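**Student:** I'd like to ask you about the structure that follows.
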Amino acid sequence: MPRAVALALLVSSAAACAGDVPEAEWSNGLLPGAITEQGETVTALWNGAWIAALATGAVVIGLIVWACLFHTRRRAKAELPPQVRYNLPIEMLYTLVPLVMVSVFFFFTARDSEELTYVSGDAPVKVKVEAFQWSWRFTTTVNGQTTEPVTGMPVSDYQQGPQLVLPVKQRVEFDLETDNVIHSFWVPEFLFKRDVIPGIPEDNPGRKFEITTLDEPGVYAGRCAELCGVDHSRMLFSVKLVSQQEFDQYVASNQAGSAQ
Ligand SMILES: [Cu+2]
């Protein structure tokens, strides 16, 4: 059943490339399973917000149903019901309850936004992402060692796009850059996307974000999430999460300037 619902929701975008749509599960609030700690934070915020909204909805619908039934029984009397204008306690309640609800949402959203946009600056792995029409160039720097950039071309299958190799259980900083139009860097399993906007200076924090990968080795589809021209839909790439050992080997055999 969850798969059927997810499929129905995604069918329009999935029709052309069924293989790259992550599975949505009820336990994640129909989100893809996160592969970063930050993604888990997003899942918790999303699920918490839904639970709060559904609980509120249940109370409101309960009160509506109760009121309908209550008033149906007395329909014969066409009198005005008792008016509660200027009833201070009730009006305080009307004002304070929504204020508390909005404050709770605001608190958790602000707290998590702060965490999701936090960039420590000392992540061991740094990735420069250059977006262009219509693909990506990834340049990875590990402890000051820069690897050969990976440059892609427009493709119809993400597995043929440029591949970004990253280690599991590691902090990774992204720096997003473009010199043509606005793109958006999106890996659905990160549960996060960030616009890549031309003209933002290098030291601007809006260009950067940081993730901590989970122990979830695998190959994940990534895409451009901002309509950026004729081949936007073919601006596909993949992220491969590997063990630290495998990652070290990858870095060693892909040094910038070394013979390929
Ligand atoms: Cu794009």
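**Student:** Could you check how much of the accessible area of the range 185-255 is carbon and sulfur, as a whole percent, using a 1.4 Å probe?
**Tutor:** Carbon-and-sulfur percentage of accessible area, whole number: 50.
**Student:** Okay, next question. Once the piece of chain linking Ser243 and Glu37 is laid out straight, how much longer is it, given 0.36 nm per residue of separation minus the C-alpha distance between them?
**Tutor:** 72.5 nm
**Student:** Next question, about the same structure. How large is ³J(HN,Hα), in whole Hz, for each residue of the range 162-167 in order, when computed from phi with the Karplus curve 6.51 cos²θ - 1.76 cosθ + 1.60 and θ = phi - 60°, using x for Gly and Pro?
**Tutor:** So the Karplus estimates, Gly and Pro as x, are x, 10, 9, 9, 9, x Hz.
**Student:** Using Cα-only point scatterers and the Debye equation, what is log10 of I(q)/I(0) for the range 181-240 at each q in 0.13, 0.20, 0.25, 0.26 Å⁻¹, rounded to two decimals?
**Tutor:** Here the Debye-derived log intensity ratios amount to -0.40, -0.85, -1.11, -1.15.
**Student:** Next up: With the other protein chains left in place, how much accessible area per residue, in square angstrom, belongs to the chain at a 1.4 angstrom probe?
**Tutor:** Dividing the accessible area of the chain by its residue count gives 61 Å².
**Student:** Report the equivalent ellipsoid semi-axes for the range 149-260 in whole Å, largest first, defined as the square roots of five times the eigenvalues of the gyration tensor built from alpha carbon atoms.
**Tutor:** After diagonalising the Cα gyration tensor, the semi-axes are 23, 17, 16 Å.
**Student:** Local charge sum around Phe107 (other residues, Cβ-Cβ under 14 Å, Lys/Arg +1, Asp/Glu -1)?
**Tutor:** -2
**Student:** Describe numerically, in nm with one decimal, the distance between label points set 7 Å from Cα along Cα→Cβ at Ala49 and at Leu63.
**Tutor:** With each label point 7 Å from Cα toward Cβ, the separation is 2.3 nm.
**Student:** Rounded to the nearest 0.05, what FRET efficiency is calculated for Ala252 and Phe106 with R0 set to 45 Å and r the Cβ-Cβ distance?
**Tutor:** FRET efficiency, Ala252 to Phe106: 0.40.
**Student:** Over all directions, the average projected area of the alpha-carbon convex hull for the range 20-111 comes to how many nm²?
**Tutor:** Taking a quarter of the hull surface, the average projection is 9.7 nm².
**Student:** Using the Kirkwood radius built from alpha carbon pairs, what does the Stokes-Einstein equation give as D for the range 90-209 at 10 °C and 1.306 mPa s, in µm² per second?
**Tutor:** Answer from the Stokes-Einstein relation: 94 µm²/s.
**Student:** Which value in Å is the Kirkwood Rh of the chain over different Cα pairs?
**Tutor:** 21.6 Å
**Student:** Mind checking the angle between helix 37-73 and the chain's longest principal axis? C-alpha axes, 0 to 90 degrees, to the nearest 10.
**Tutor:** 20 degrees
**Student:** Sticking with this structure for a sec: Name the long-range amide H neighbours of Glu148: under 5 Å, sequence gap of 5 or more, or other chain; modelled H, no Pro or chain starts.
**Tutor:** Residues meeting the amide H criterion: Gln255, Ala256.
**Student:** Still on this structure: Go ahead and collect, in residue order, the members of the range 119-158 whose backbone nitrogen is under 13 Å from a label point 7 Å along the Cα-Cβ direction of Ser233.
**Tutor:** Once the point is set 7 Å along Cα→Cβ of Ser233, 155-157 turn out to lie under 13 Å by backbone N, inside the range 119-158.
**Student:** Count charges around Gln160 for me, please; just the other residues with Cβ under 12 Å from its Cβ, Lys/Arg as +1, Asp/Glu as -1.
**Tutor:** Local net charge: -1.
**Student:** Of the chain, which part is the longest with no chymotrypsin sites (Phe, Trp or Tyr not before Pro) in a loop (DSSP not H, G, I, E, B) and with at most 16 other C-beta atoms within 10 angstrom?
**Tutor:** 119-260
**Student:** Between Ser156 and Leu88, 0.36 nm times their residue separation minus their Cα-Cα distance comes to what?
**Tutor:** 18.2 nm
**Student:** Add +1 for every Lys or Arg and -1 for every Asp or Glu among the other residues with Cβ under 10 Å from the Cβ of Lys193, and state the total.
**Tutor:** 0
**Student:** Summarise the accessible area of the range 38-136 (1.4 Å probe, protein heavy atoms) by the percent that is carbon and sulfur.
**Tutor:** 72 percent
**Student:** Once the Cα atoms of helix 244-253 and of the chain are each reduced to a long axis, what angle between those two axes, in degrees from 0 to 90 to the nearest 10, is obtained?
**Tutor:** Helix 244-253 and the main axis of the chain meet at about 40 degrees.
**Student:** Working from Cα positions, state the angle (0 to 90°, nearest 10) between the long axis of helix 2-14 and the longest principal axis of the chain.
**Tutor:** 60 degrees
**Student:** Please return the longest range in the chain lying between exposed loop sites, taking GluC sites (Glu not before Pro), DSSP loop only, at most 10 other beta-carbon atoms within 10 Å, and leaving the sites out.
**Tutor:** Counting at most 10 other Cβ atoms within 10 Å as exposed, the longest clean stretch of the chain is 80-201.
The values are calculated or read from the model by the stated rules, or taken from the named source; none is laboratory data. Bear in mind that the values here come from a model prediction, so they are computed numbers and not experimental data. Every residue, glycine among them, receives a Cβ derived from its backbone with ideal geometry; neighbour counts consider all protein chains shown. For the accessible areas, the whole protein counts, side chains as well, though only heavy atoms, and no ligand, DNA or RNA atoms are used. Shrake-Rupley method; radii C 1.70, N 1.55, O 1.52, S 1.80 Å.
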